[in-house]
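Just below is one structure, and these are the notes that go with it.
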Amino acid sequence: MNRFWNPRSIGFRLVVTVLAVEALFALLIVFLAFGYERHVQFRAFHVMVHGRADSVIGAIQDSEDAQDTLIMSRQDLRLPEEDVWEALDGDGRVLGRSENWNAAILQSGRVGRDGYLQTRLNHRHYAVLELRGTRLVDPDAHGGGKLHHLVVYYGAPVGPVWHAIRGAVQFYAAGSLLLLLVTGPLIAWLLHRGLAPMRELAGLAAQVSANSWEFSPPARARSTPELAPLTSAMESVLERLKRAFLQQRVFVSDAAHELKTAVAVIKSSLQLLALRPRTVAEYQEGVERCVADAERLEGLVGQMLTLARVESADAAAAAGACDLAACADQVRDHLRSVAELRGIDLHFAEGPAVRVNVAPEDCFIVVSNLLLNALQHGPEGSPIEIQVEEHDGSAWLTVRDHGEGVSADVLPHVFERFYRGDPSRARATGGSGLGLAIAKGIAERAGGSIAIENCADGGARVTVQLPIAVE
């Protein structure tokens, strides 16, 4: 849980983001609530003031005298003591006013957008309405009676209105704050619980080691849409790492075995020479045999270094381009003497010049390894056919022998390191089981492929596909 509150953790950032968004919306709600409550409260206030001003006009009556003058009757007038008002007739005569009325009210303040005069009285803010009306006296009299014009100034303190607005806004603000206080821990708990499959997945992945490759993701990690791709990717990566690690372990074991065998052969040859006194001819023969074995050991080490270079991460950076047909012709000339010793004809079908994304030295290694493999397995007096073609945007190199072909149980393993279908022929032919593995590594590094198959009329055919180099 302590990791969850790390400022760099995803859960912490999500919680902070959600709370920040909630706080933003809370401020927006408070702002909207303030505007809404202000509108509603002042609208109610205006209706109230207008109603009270109407009641003042309603309290103005006929004095029943000959001049039909107006008087103010306060018997049924119930108005708050803090309100201020004044009633005038059309001639400006005061018909009535509140006890706290101050003539300076109309000379101070300013008229707002709502038409009310905003002023101060006794350190309090007032909103004063100017209401004009009429009163008809003796409507049944001759001439339809007498019409009097009236003016009423009525003001009420706005403090209670702002108090009601503040109360509503404080309610919304307190509710939003309470929501933040409740949702913060709740979101943190839900996120912590929701990320449990990820923590479980990480814990299982941490248990994987060189000696234990068991990795069984939990079912809920597979069923979670966000974690399913990660789970599949981890399984795929660990499976490839396991395969590469086991392959490397097998390679080291096989390499150690091959080197140990070669060293043991040299050592036994030297021990045999030291068993008893030898003639000069015997010593010379023994030394020549040791030199041959040392050369074979040197070739094995060289092939191992080549394979390591081909499979290194920096090998692609050193890749170049070469003409595949010219390289095949060069290798044929290089191995012509070896082929003549066995009575084998290297037949090269002239093809178009095709440049591929392979360095010249690597291309030479691929073609020479394939030809040497064909020479080792081809019977004496049989031809070996080499062909370079271009089609479907790729270059195709084909090497075919007319030997016995590859048995079905050996065919799936021919490109594995140190694999030999007939181990007893290793010393006779000099094969180390690395030639085809090196050729495959170079072809795949260049983005191509290599395959071997048996021909229907006998022999085996190796086909290398390489992408054409873009100038």
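Which residue is farthest from Val470 (Cα to Cα), if the candidates are limited to the range 345-371 and must be touching a Leu at 6+ places or on another chain (Cβ under 6 Å) and β-branched (Val, Ile, Thr)? Step through it out loud before you land on a result.
The initial filter retains those residues of the range 345-371 that are touching a Leu at 6+ places or on another chain (Cβ under 6 Å), namely 354, 356, 371.
From what's left, β-branched (Val, Ile, Thr): 354, 356.
Details: Val354: 11, Val356: 8 Å.
The extreme case among them is Val354.
Run Leu95 past the list (1) part of a loop (DSSP other than H, G, I, E, B); (2) under 20 Å from Asp54 (Cβ atoms); (3) not aromatic (Phe, Trp, Tyr) and report the number of the one that doesn't hold.
(1)
Is there any pair with a first residue in the range 71-98 that is within 23 Å of Arg120 (Cβ to Cβ) and in contact (Cβ under 8 Å) with a residue 24 or more places away in the chain and a second that is part of a loop (DSSP other than H, G, I, E, B) and hydroxyl-bearing (Ser, Thr, Tyr) whose Cβ atoms are under 8 Å apart and which are 6 or more apart or on different chains, and what are they?
Final answer for the pair search is Leu79/Ser98; Asp83/Ser98; Val84/Ser98; Trp85/Ser98; Glu86/Ser98.
Name every residue in the range 352-374 that is part of a helix (DSSP H, G or I) and of a type outside the set (Val, Ile, Thr), in order of residue number. Give the derivation first.
Quick first cut of the range 352-374, residues part of a helix (DSSP H, G or I) only: 360-374.
Once the filter is applied, which keeps residues that are part of a helix (DSSP H, G or I) and of a type outside the set (Val, Ile, Thr), the range 352-374 yields Pro360, Glu361, Asp362, Cys363, Phe364, Ser368, Asn369, Leu370, Leu371, Leu372, Asn373, Ala374.
For the range 154-175, which residues satisfy the criterion of being of a type in the set (Phe, Trp, Tyr) and farther than 30 Å from Ser55 by Cα?
Narrowing the range 154-175 to residues of a type in the set (Phe, Trp, Tyr): 154, 162, 171-172.
Phe171, Tyr172, listed by residue number.
Evaluate the range 392-407: report whether one residue or more is touching a strand residue (DSSP E or B) at 6+ places or on another chain (Cβ under 6 Å), over 21 Å from Lys440 (Cα atoms) and aliphatic (A, V, I, L, M).
no
Looking at (1) in contact (Cβ under 8 Å) with a residue 24 or more places away in the chain; (2) surrounded by 11 or more Cβ atoms within 10 Å (Cβ to Cβ); (3) of a type in the set (Gly, Ala, Ser); (4) farther than 30 Å from Thr119 by Cβ, find the lone condition where Ala228 falls short.
For Ala228, the exception is condition (1).
Every number in this text was worked out from the coordinates using simple rules, so none of it is lab data. Computed from a prediction, not measured in an experiment: that's the story for all the values here. Neighbour counts run over all protein chains shown; Cβ positions are idealised from the backbone, glycine included.
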